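Read-outs: derived from the displayed coordinates by stated rules, not from any lab. All values derive from a computational prediction rather than experimental measurement. Methodologically, a virtual Cβ is constructed for each residue, glycine included, from the backbone with ideal geometry; neighbour enumeration extends over all protein chains shown.
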Amino acid sequence: MKTSANLLFIGLPGSGKTTFLAALWHVLSDGSGATSLKLTKLSGDRAYLNQITKEWRECSQVLRTNLQAEQVVVLHLDGEGFGTFDLSIPDLAGEAFKQQLSDRRISRRHDAFVQEATGVMLFLHPDIQKGIQLTVARRLEAELLGVHEEVAGAGADNTWSPELLPTQAKLVELLQFLLERTQRKLRVAVVVSAWDLVDKFGAPHEFVARELPLLQQFLEVNDDLFEYSVFGVSAQGGDITVAAEKQTLLELDDALKRIKVRQEQQTSQDITKPIAWLLGNR
Ligand SMILES: Nc1nc2c(ncn2[C@@H]2O[C@H](COP(=O)(O)OP(=O)(O)OP(=O)(O)O)[C@@H](O)[C@H]2O)c(=O)[nH]1
Ligand SMILES: [Mg+2]
């Protein structure tokens, strides 16, 4: 393996990118967990990592990443079969991906990250937006009755906007942007964040196949362009907006225990697993 690697985290606002990074830094800097990848030395500029990890430890909401405040973190890592290497991960704002969808353009800065990426982590929160059922019948009926029916989520005049696209269509679009800009086969780790909210309902790849069938089929049929695997990651360990759950998380003797990572039927506390999968030789 090369001595440096770059990962690209992509995902809509609130999909769990920063929370993942915060938990990752806690685990790496703590060093006591059984992880595939370990820290060899501390990163030069740790201000951002320390700030988000402090929030994570206190179980408070990490701040939404601001378009102007996107940071690139560099981790010095080592792992069996990997050797030592430097891993760069920009913490990009979901807001930028939203803009990509409405402007149909990728910024030069993001494009440079795409060009350099060794692998991609596609984040999605399980609270996904489904398509709006705008049946012709309902519309016609409303027109016949002369009533102006408001459709949930649409503007008052029912005009369409990219905002109304179902989550799975947005994610396929984001992947298509990547395909347009790369010639290589892309390795994609699909990360379903906040996995604790849905872990009762089967394995992560089953969740994606059931709830986001378009995304799953897009990845599946394009197997000449993608190699992918689906992970369920609970980086925070529970819902911190529920006081009792937050209290339980804060009372754990070791914050490491908050983390759960599931791939197929295997569950562990190794948050470096999706990264090791992306960078590993196969
Ligand atoms: N229940 C639960 N919620 C989580 C978990 N991890 C993240 N969340 C929630 O999911 C949301 C993710 O937020 P962020 O990590 O800021 O997401 P982001 O992708 O960085 O968002 P932007 O910065 O806007 O791009 C927050 O509301 C978190 O509280 C988890 O393990 N469990
Ligand atoms: Mg963020």
Original post:
What residues have an amide H closer than 5 Å to that of CYS59, excluding those fewer than 5 places away on the same chain, when H is modeled at 1.01 Å from N in the peptide plane?
Top reply: none
Original post:
Long-range amide H contacts for VAL72: which residues qualify at under 5 Å (H placed 1.01 Å from N, peptide plane, sequence gap of 5 or more or a different chain)?
Top reply: ASP91
**OP:** Rank GLN115, TYR228, HIS125 by how far each Cα sits towards the positive end of the charge dipole of the chain (+1 on Lys, Arg Cβ; -1 on Asp, Glu Cβ) and give me just the farthest.
**Re:** GLN115
Original post:
Hey, in the GNM for the chain with a 10 angstrom Cα cutoff, which one of THR272, THR35, THR248 fluctuates hardest?
Top reply: THR248
**OP:** Could you size up the charge dipole of the chain around its Cα centre, putting +1 on the beta carbon of Lys and Arg and -1 on that of Asp and Glu, and report it in debye to the nearest 20?
**Re:** 620 debye
Original post:
At a Förster distance of 30 Å, what's the computed FRET efficiency of SER60 paired with VAL198, Cβ-Cβ distance as r, to 0.05?
Top reply: 0.85
Original post:
If you bin every alpha carbon distance in segment 17-90 into 10 Å steps from zero, what whole percent lands in each bin?
Top reply: 19, 53, 25, 4
Subject >> Other-chain or far-sequence residues with amide H under 5 Å of LEU186's (modelled H) >> reply: PHE226, GLU227
**OP:** Show that you can apply the helix-only estimate: for the chain, add -39,500 (n - 2.57) for every DSSP H stretch of four or more residues, divide by all residues, and state [θ] at 222 nm to the nearest 500.
**Re:** -10500 deg cm²/dmol
Subject >> Residue among GLN99, GLN68, GLN236 with the largest mean-square fluctuation in a Gaussian network model of the chain, springs linking Cα atoms under 10 Å >> reply: GLN68
Subject >> Gaussian network model of the chain, Cα within-10 Å springs - most flexible of LEU49, LEU145, LEU219 >> reply: LEU145
Original post:
For labels at ASP103 and THR3 in the simple 7 Å Cα→Cβ model, what's the distance in nm?
Top reply: 3.7 nm
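Which of the residue pairs LYS54/LYS98; LYS54/LYS200; LYS130/LYS246; LYS38/LYS273 have a Cα-Cα distance greater than 19 Å in the structure shown? Intermediate values should be presented prior to the final figure.
Numbers: LYS54/LYS98 28 Å; LYS54/LYS200 29 Å; LYS130/LYS246 29 Å; LYS38/LYS273 11 Å.
In this structure, LYS54/LYS98; LYS54/LYS200; LYS130/LYS246 exceed 19 Å between Cα atoms.
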**OP:** Would you be so kind as to identify which of LEU67, TRP56, ILE89 lies farthest towards the positive end of the dipole of segment 38-91, taking Lys and Arg as +1 and Asp and Glu as -1 on Cβ and the Cα centre as origin?
**Re:** TRP56
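Using R₀ = 41 Å, calculate the FRET efficiency as 1/(1 + (r/R₀)^6) where r is the Cβ-Cβ separation of ASP78 and TRP160; round to 0.05.
Details: r = 50 Å, r/R0 = 1.22.
It comes out at approximately 0.25.
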Subject >> Under Karplus coefficients 6.51, -1.76 and 1.60, residue-wise ³J(HN,Hα) of segment 92-99 in Hz, glycine/proline x >> reply: 8, 8, x, 4, 5, 6, 4, 5
**OP:** Kindly write out, for segment 242-251 in residue order, the coupling ³J(HN,Hα) from the Karplus curve 6.51 cos²θ - 1.76 cosθ + 1.60 (θ = phi - 60°), rounded to whole Hz, with x marking Gly and Pro.
**Re:** 9, 3, 5, 5, 4, 4, 4, 5, 5, 7
Original post:
With r defined as the distance between the Cβ atoms of GLU141 and ARG210 and R0 fixed at 35 Å, what FRET efficiency is calculated, to the nearest 0.05?
Top reply: 0.65
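After finding the eigenvalues of the alpha carbon gyration tensor for the chain, what semi-axes result from the square roots of 5 times each, listed largest first in whole Å? Could the numbers behind the result be given before it?
Values: eigenvalues 230, 102, 67 Å².
In descending order, the three semi-axes are 34, 23, 18 Å.
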